[in-house]
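Notes to accompany the following structure.
The values are calculated or read from the model by the stated rules, or taken from the named source; none is laboratory data. Everything numeric in this text was worked out from a predicted model, so none of it was measured. FYI the Cβ positions are ideal-geometry reconstructions off the backbone, even for glycines, and counts take in every protein chain you see. These area figures cover heavy atoms from the full protein model, side chains too; ligands, DNA and RNA do not enter into them. Shrake-Rupley method; radii C 1.70, N 1.55, O 1.52, S 1.80 Å.
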Amino acid sequence: MSTVFLHVGQCGNQVGRSFWKIANQDKKAENSATFVDAEKMQRSVHVDSEPKVVHSLIANQRSRVRKKNVLAGKRGRGSNWAMGYYGLQSKGDDTLVENTIDAVRHVVERCDSFTGTVVMHSLAGGTGSGLGSRLCECLRDEYPMNYLLSCAIAPFASGESPLQHYNSLLTLSHLQRYCDGVIVSYNDEVLKRLEKGTDRSVSFEAVNRHIAGSLCGVFLPTDTLLSKCGYSSGQEPFELLRAVCPMPAHKFIHLLHHSKKKTSWEELLKETLYRLRRYDEHGKLFSSLANVMVARGQDSSSINRIQPKLKSKIQTAYNCVRWNPFPVDVWTATSNMTSTRDSSSVTIAANYGCCVEHLDTVIKKSKIMYDAGAYLHWYWRYGLTQEMFDESFETLQSTIDEYQTALSP
Ligand SMILES: Nc1nc2c(ncn2[C@@H]2O[C@H](COP(=O)(O)OP(=O)(O)OP(=O)(O)O)[C@@H](O)[C@H]2O)c(=O)[nH]1
Ligand SMILES: [Mg+2]
């Protein structure tokens, strides 16, 4: 089973670079048709509206990216969702969508069995958000029976761009409509975690390594899902959806990842859960619909003995809903490439209530600007209509309502 990875915009490609650095070191991933083709080249497509970042991916001789899977436009989309979604018709940059879908099609044709697409992109950049949304829409249309999973990066809350709330609103509502699952990584949350215990400033590269480590934590092959003959059939990215998305309308997945050298699994889990945000800003406990814990490290098979204890700790920390009789699944892998040598890692994927807080903030901040008519002319100029904006507000609000019903005790 094979997956195609699509990296969109600067952020999607930079996080992608860190992701592949880890994935390409994992022996099981290297031999799994999920990630690479018969010639060991990545099953990945890289697109940006400007050339610098994507072209640097193939500058390296040992790069496993196929040159024809790298697509670049002529100029960036100015942090404007509408410009990314509709493209620059008059500037000869209008073929980016078609060319990207063509490139994905060629990668799909090289797969014996194509399972689905993983899209990595930011929620705030014009390309990552607008072109990312458009590509998800086209992929759903082109491959209606295959999985579509978005890995989206949420911007820092303290204003990077005045358009970031609109862009997040429009993108999140598109992802809710067209994707089967949406893993949201929050730049603020990752930065805060990495800053703890250090007085040095944390680089974007370190943030990307952490995000990539958590994605690899759940995507790389596990021993739990190996076939009987010991071959990885590569179910992980989409088996995750089966495990943590018990209802089709509840698609938002949160990742918590921690690694350490030489420690017991109980201790590692304790330290991981210590990093979990359990309460919202009003002091109300978040809840979770379903979780998967992936433990990676040499003696991970020893976990079987203590599984019930670990599951119970996760169930309590995440305040899992009562109606789900199996709210925690555990997968293990003996190899751990997500961090330094000899370390073990725990990654927990959860369909967690913190997404409601994020969606609610995006709606509220966008609504204040929208009602004042602020910055809207930038969106009308590139073809966005008022109906699309109104639909996006409605889609996100009904997502929140559905979550609140499912999460209520
Ligand atoms: N974690 C992480 N976030 C990034 C990175 N680069 C940009 N971002 C975030 O992504 C958002 C900006 O998106 P970009 O990916 O730079 O923009 P783009 O998709 O290329 O779109 P345009 O440049 O507007 O055409 C901001 O919220 C940044 O904080 C990165 O390498 N890592
Ligand atoms: Mg850019």
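In units of 2.2 N^0.38 Å, what is the alpha-carbon radius of gyration of the range 1-135?
For the range 1-135, the normalised Cα radius of gyration comes out at 1.01.
Compare Thr395, Thr385, Thr115 in a GNM of the chain, Cα atoms joined below 10 Å, and give the one with the largest fluctuation.
Thr385
Quick one: work out Rg over Rh on the C-alpha atoms of the chain, Rh as Kirkwood radius.
A ratio of 0.95.
Hey, if you put +1 on the Cβ of every Lys and Arg and -1 on every Asp and Glu Cβ in the range 2-243, which of Thr198, Val36, Gly213 ends up farthest toward the positive end of that dipole?
Result: Thr198.
Based on alpha-carbon atoms only, what is the radius of gyration of the range 255-353 relative to the globular estimate 2.2 N^0.38 Å?
1.06
Given charges of +1 on the Cβ of Lys and Arg and -1 on the Cβ of Asp and Glu, with all other atoms neutral, how large is the dipole of the range 267-352 about its Cα centre, in debye to the nearest 20?
200
Rounded to the nearest 500, what is the chain's calculated 222 nm mean residue ellipticity when only DSSP H runs of at least 4 contribute -39500 (n - 2.57) each, over all residues?
When only DSSP H runs of four or more count, the value is -13500 deg cm²/dmol.
Between beta-carbons, use under 15 Å as the cut-off and find the net charge around Ser287, counting Lys and Arg +1, Asp and Glu -1.
With Lys, Arg at +1 and Asp, Glu at -1, the neighbours total +1.
Placing +1 on the Cβ of each Lys and Arg and -1 on the Cβ of each Asp and Glu in the chain, which of Gln61, Gly84, Tyr352 has its Cα farthest towards the positive end of the resulting dipole?
Highest projection toward the positive end goes to Gln61.
With charges only on Cβ, +1 for K and R and -1 for D and E, what is the dipole size of the range 2-243 about its Cα centre, in debye, rounded to 20?
520
Of Leu285, Tyr166, Trp378, which is farthest towards the positive pole of the chain's charge dipole, taken about the Cα centre with +1 and -1 on the beta-carbons of Lys, Arg and Asp, Glu respectively?
Checked the options; the winner is Leu285.
For the range 2-243, what relative contact order do you get, as a whole percent, if you take Cα pairs closer than 8 Å and at least 6 residues apart?
Computed over the range 2-243, the figure is 23 percent.
Divide the volume of the convex hull of the Cα atoms of the range 243-311 by its number of residues and quote the answer in cubic angstrom per residue.
Here the figure is 115 Å³ per residue.
Using a cut-off of 12 Å between beta-carbons, work out the net charge of the residues near His55 (Lys and Arg +1, Asp and Glu -1, His55 not included).
Around His55, the surrounding residues sum to 0.
Based on alpha-carbon centroids, what's the gap between the range 323-345 and the range 21-53 in Å, whole number please?
Between the Cα centre of the range 323-345 and that of the range 21-53, the gap is 22 Å.
Mind pulling up the Rg/Rh value for the range 96-213? Radius of gyration and Kirkwood radius, both on Cα.
In the range 96-213, Rg relative to Rh is 1.03.
Go through the range 168-176 residue by residue and turn each phi into a ³J(HN,Hα) via Karplus (6.51, -1.76, 1.60, θ = phi - 60°); whole Hz please, and just put x for glycine and proline.
Coupling constants for the range 168-176: 5, 4, 5, 6, 4, 5, 5, 5, 4 Hz.
Within 14 Å, Cβ to Cβ, of Gln164, how many net charges do the neighbouring residues add up to if Lys/Arg are +1 and Asp/Glu are -1?
+1
Could you report the chain's accessible area per residue, 1.4 Å probe, as an integer in Å²?
Solvent-accessible surface per residue comes out at 44 Å².
Based on Cβ point charges of +1 for Lys and Arg and -1 for Asp and Glu, what charge dipole magnitude is obtained for the chain about its Cα centre, in debye rounded to the nearest 20?
That gives a dipole near 1340 debye.
Just want to confirm a number: the relative contact order over the chain, from Cα pairs under 8 angstrom separated by 6+ residues, in percent.
Relative contact order comes out at 17 percent.
Run the reach check for Lys40 against lysines, Cα to Cα strictly under 20 Å, same-chain hits fewer than 8 apart removed. What comes back?
Correct list for Lys40: Lys21, Lys27, Lys28, Lys67, Lys68.
Could you tell me what percent of the DSSP beta bridges with both partners in the chain are antiparallel, to the nearest 5?
Antiparallel bridges make up about 35 percent of those DSSP assigns within the chain.
Return the carbon/sulfur percentage of the accessible area of the chain, one whole number, probe 1.4 Å, all protein chains in place.
51
Tell me the relative contact order for the range 255-353 as a rounded percent, counting alpha carbon contacts under 8 Å between residues six or more apart.
Taking the mean separation of contacting Cα pairs over the length of the range 255-353, I get 46 percent.
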